[in-house]
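Remarks on the structure that follows.
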Amino acid sequence: MAEPKWFDKEHYLLKKAEHLQSYAKEYDGYTPEQAEELMTEAGFTPYEHFVAFGNSENVSPNAFFDVNYYVAAKAVHLSNLNHENNSNWTMQDVLDEFAEHGFTAWDHFCAFGWQEGVNPSATFDINAYLLEKTKQHNEIAHEGRSDWTVEQTKAAIADAGLNPISHYEQFGVNETVDGEALAPAAAADQAAVAAKQSGEGSVVINGTAELTLQEAVAAAEAGNLPDAYNLTAGTAEDLTVAQAGLVEDIVEGAGNAEGYNADYTLADNIANLVTASKQVADPDDDGVNVAMKVVDSYSNYAEASTKPEKITAYELTGTSGDERINVKDNFVNADTVLIAGGQGADMINIQQGTSGSVKAVFGGAISEYNSELKRYEESEDSINATGIWADYSFAKYLSNDAQALMSGANLLDVHGQSTIMVGSTAKDVFRLQDTTAVADTNIVAENPGNVTIHNFTLGEDAILLTSNAFYEAVNAALGISDPEGKTTLKNQTSADQLDLIAEHVKMQVNDNGSVTLGFKWSEVYASEGTYNGEEWTVDVSKALAYTDDSTITILGVDGFELGVTTAADFFQLA
C-alpha cells in the first residue's frame with residue numbers, strides 16, 4: 001500500500017502511543033517505537049495501520065491535523081450557522097454527528113471541512129493558505145492566467161482530489177513564493193476553539209479521560225469505567241453505601257491517585273450507615289481523606305441508636321406522609337442541619353439551644369440555593385392529608401381561628417431561633433414563637449430573632465405570631481394554672497390582634513422586591529382583655545421581657561396583585 005505524502009509516520013506513531021496510553025494502563029509510558037513494534041508484530045506498516053484502525057480511532061495522521069482542534073472548530077462553525085436551530089454545538093455533538101453519518105474526523109475534513117473553511121489545527125489556516133496560493137498563481141501566471149480567484153484555486157485543489165494539507169505536502173511546501181504559504185490560525189479562531197474545548201460537552205479525544213468522582217462511580221456501576229483515567233477535583237453528590245464502597249478502588253485506579261482526596265455526600269438508610277460509614281470511608285485505614293454528610297429521612301434517623309463516624313453535616317428529609325419532626329428531641333449537636341418536610345402536611349418544630357445548628361427549614365423538599373436571586377428556590381410539595389393535625393392536640397394551645405389557619409398546611413414552627421424558613425408550592429404557615437421559662441415568679445422570654453422567609457404566597461401562606469410569655473402573664477393575672485406548666489389561654493388570631501399587627505408591624509417593600517416586617521413583640525399584644533367573661537390586665541412590656549426589635553425578611557413574594565395595603569395581610573389568609 002503506497003504511503004501518501006500527507007501521512008507523517010513519526011507524527012502518527014507519536015499520536016498512536018498517546019492513544020494507547022489513554023486506552024489502557026498496561027500501555028502507560030509507551031513510546032512511538034514500542035507502538036511501531038506492536039504494528040509490525042501484527043503485520044502492519046504505520047500507514048496500513050492508520051487505514052485499518054487509526055483513522056476510525058481518530059488518531060491524527062500528520063502534524064497539521066489536530067483532531068481535538070478540528071472537532072472544536074467544527075462545533076464553532078455549526079454554532080455560528082445555528083445549524084438545526086442549535087447555536088451551542090459541543091465537541092460531543094460533533095462527534096455524535098460524525099458517527100451517525102459514518103465519518104471520522106479526518107474523513108470529514110477531507111470531504112467537507114476544508115471547503116467550509118474549518119481549520120484543522122492552530123498551525124494551519126485554510127483561508128490564509130488558499131489566499132496565498134491564489135496570490136502565487138497570479139504572480140507566476142499559473143496555466144497562463146493572472147486572474148485566479150480563491151474559489152477557483154479551491155476548485156482546482158478539489159478537482160485534483162486533494163485538500164489544503166495534502167496539497168501543501170505535495171506541492172505547497174516547495175512553492176513559498178513571496179513568503180510562507182502556511183500561516184497559523186487567526187487568534188479569534190483559536191480563542192473560539194479554546195472556549196469549546198473547555199466548555200460544556202468538551203471532549204479530549206485520545207487523551208486520558210478526566211472524570212468527576214460522581215461520573216467515575218456511575219461508570220463503575222455500569223461496568224464501563226475506563227481502564228485509564230484521572231479524577232478531577234470537586235465534591236461528589238449523593239452516594240449510597242454501595243456506591244461509596246467503590247470509591248477507594250476508583251481512587252486507587254486513577255492515574256492521579258497520589259494525593260487525591262475523595263469528598264462526597266453519603267445518602268442511604270441510616271441503619272446501614274451506623275455500621276458501614278467507617279468501613280466505607282476508609283476500610284483499610286490507609287489514610288484516604290473522605291468528608292461525608294448524611295442525607296436521610298427523619299424516621300430512619302430517629303431509629304438510629306448511634307451516629308455514623310466522620311460526618312460533618314446532615315440533611316434531614318421527611319417522607320411522603322404527614323409527620324411531626326421535633327428537632328429538639330431527635331436531632332442535636334450536628335454541625336449543620338437542613339430540615340425538610342418532604343411531601344405531606346408536616347409540622348417541623350425548632351427550639352433555640354436544643355436543635356443543633358439549624359441552617360434552614362423547608363416546608364417541602366430541600367431545594368437549591370439560587371445565588372443569583374440570593375434565595376432558595378421554591379420546592380415541590382403536595383398536601384395529601386391532614387392527619388398530623390388530628391394527632392397533635394393543638395386544641396389545647398390554639399384558638400379555633402389559629403387551627404383553621406393551619407389546617408392542611410405545612411407548619412414551620414420556630415421557637416426563639418434565628419433561621420431560614422423556606423416555603424413550598426403548597427400552603428405553608430410560618431409560626432414564630434418566643435421561648436419562656438418560669439423561675440419563681442419571673443418570666444424569661446427569648447426573642448425569636450431576625451427570621452428570613454423564602455417564597456411566600458399571599459392569600460395562601462400566613463405568618464402566625466404566638467407568645468408564650470404573654471399568655472403565661474395573662475394566665476397568672478387570671479389565676480389560671482396548669483400542672484404541666486402549659487398555657488391554657490389560647491393564642492388568638494382575632495380581629496383585635498390583627499388590628500394591632502396592622503398598626504405596629506412596619507412593612508417595607510425593598511428595591512429588590514423583598515419585604516421587611518419589623519416590630520416589637522410588646523406592641524402586637526393587647527395590655528388588657530377579657531377571657532371567659534373575666535377581665536385581665538398585664539404590663540405587656542414586662543410580660544414580654546425584651547425590648548429588641550424583631551425583623552422578618554421575606555424573599556420572593558407572590559401575590560402583590562391582590563392589593564396588599566398593610567402588614568396584617570401577611571398574617572392571615574385572604
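The values are calculated or read from the model by the stated rules, or taken from the named source; none is laboratory data. Computed from a predicted structure; not experimentally measured. A quick note on method: Cβ atoms are made from the backbone with ideal geometry, for glycine too, and the neighbour counts reach across all protein chains shown. Just the protein is used for accessible areas: all its heavy atoms, side chains included, with ligands, DNA and RNA removed. Shrake-Rupley method; radii C 1.70, N 1.55, O 1.52, S 1.80 Å.
Worth pointing out:
- Residue 103 being open to solvent by 50 Å² or more (accessible area, probe 1.4 Å), modelled with pLDDT of 95 or more, in a loop (DSSP other than H, G, I, E, B) and among the aromatic types (Phe, Trp, Tyr): yes
- Residues located in segment 201-235, provided they are surrounded by fewer than 16 Cβ atoms within 10 Å (Cβ to Cβ), modelled with pLDDT of 85 or more and charged (D, E, K, R): 221
- Any hit, segment 118-131, residues being part of a loop (DSSP other than H, G, I, E, B) and without any contact (Cβ under 8 Å) to a residue 24 or more places away in the chain: no
- Filtering segment 83-98 to residues that are of a type in the set (A, V, I, L, M) and either in contact with a Ser or Thr (Cβ under 7 Å, 6 or more places away or on another chain) or open to solvent by 70 Å² or more (accessible area, probe 1.4 Å) (or both) leaves only 91.
- With respect to the conditions (1) in contact with a strand residue (DSSP E or B) (Cβ under 8 Å, 6 or more places away or on another chain); (2) closer than 21 Å to residue 115 by Cα, residue 155 lacks only one, and its number is (1).
- Scanning segment 447-496 for residues that are in a helix (DSSP H, G or I), surrounded by fewer than 21 Cβ atoms within 10 Å (Cβ to Cβ) and either in contact with a Leu (Cβ under 9 Å, 6 or more places away or on another chain) or at pLDDT 80 or above (or both) yields 475, 476, 477, 478.
- Checklist (1) on the phi > 0 side of the Ramachandran plot; (2) hydrophobic (A, V, I, L, M, F, W, C); (3) open to solvent by less than 20 Å² (accessible area, probe 1.4 Å) applied to residue 141, failing item: (3)
- The sole residue among 75, 122 that is surrounded by fewer than 20 Cβ atoms within 10 Å (Cβ to Cβ), under 19 Å from residue 191 (Cα atoms) and among the aliphatic types (A, V, I, L, M) is 122.
Residues checked against (1) of a type in the set (Asp, Glu); (2) buried (at least 16 other Cβ atoms within 10 Å of the Cβ); (3) free of Cβ contacts under 8 Å to residues at least 60 places away in the same chain:
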{"residue": "19", "(1), (2), (3)": "no, yes, no"}
{"residue": "28", "(1), (2), (3)": "yes, no, no"}
{"residue": "43", "(1), (2), (3)": "no, no, yes"}
{"residue": "46", "(1), (2), (3)": "no, yes, yes"}
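- Test: residue in segment 540-558 that is among the basic types (Lys, Arg) and at pLDDT 85 or above: no
- Failed item, numbered, when residue 1 is tested on (1) within 22 Å of residue 166 (Cβ to Cβ); (2) modelled with pLDDT of 95 or more; (3) surrounded by fewer than 18 Cβ atoms within 10 Å (Cβ to Cβ): (2)
- Residue match in segment 164-179 (condition: within 22 Å of the chain's Cα centre (by Cα) and surrounded by 15 or more Cβ atoms within 10 Å (Cβ to Cβ)): no
- Checked against (1) closer than 30 Å to residue 57 by Cβ; (2) in contact (Cβ under 8 Å) with a residue 40 or more places away in the chain; (3) over 41 Å from the mean Cα position of the chain (by Cα), residue 136 meets all criteria but (1).
- Index of the failed condition, residue 191 passing every other in (1) more than 30 Å from residue 87 (Cβ to Cβ); (2) out of contact with any Ser or Thr (no Cβ under 8 Å at 6 or more places or on another chain): (1)
- Selected residue (criterion: surrounded by the most Cβ atoms within 10 Å (Cβ to Cβ)) from residues of segment 515-563 that are among the hydrophobic types (A, V, I, L, M, F, W, C) and in a loop (DSSP other than H, G, I, E, B): 524
- Hey, residue 245 open to solvent by 20 Å² or more (accessible area, probe 1.4 Å), over 26 Å from residue 75 (Cβ atoms), among the small types (Gly, Ala, Ser) and without any contact (Cβ under 8 Å) to a residue 24 or more places away in the chain or not: no
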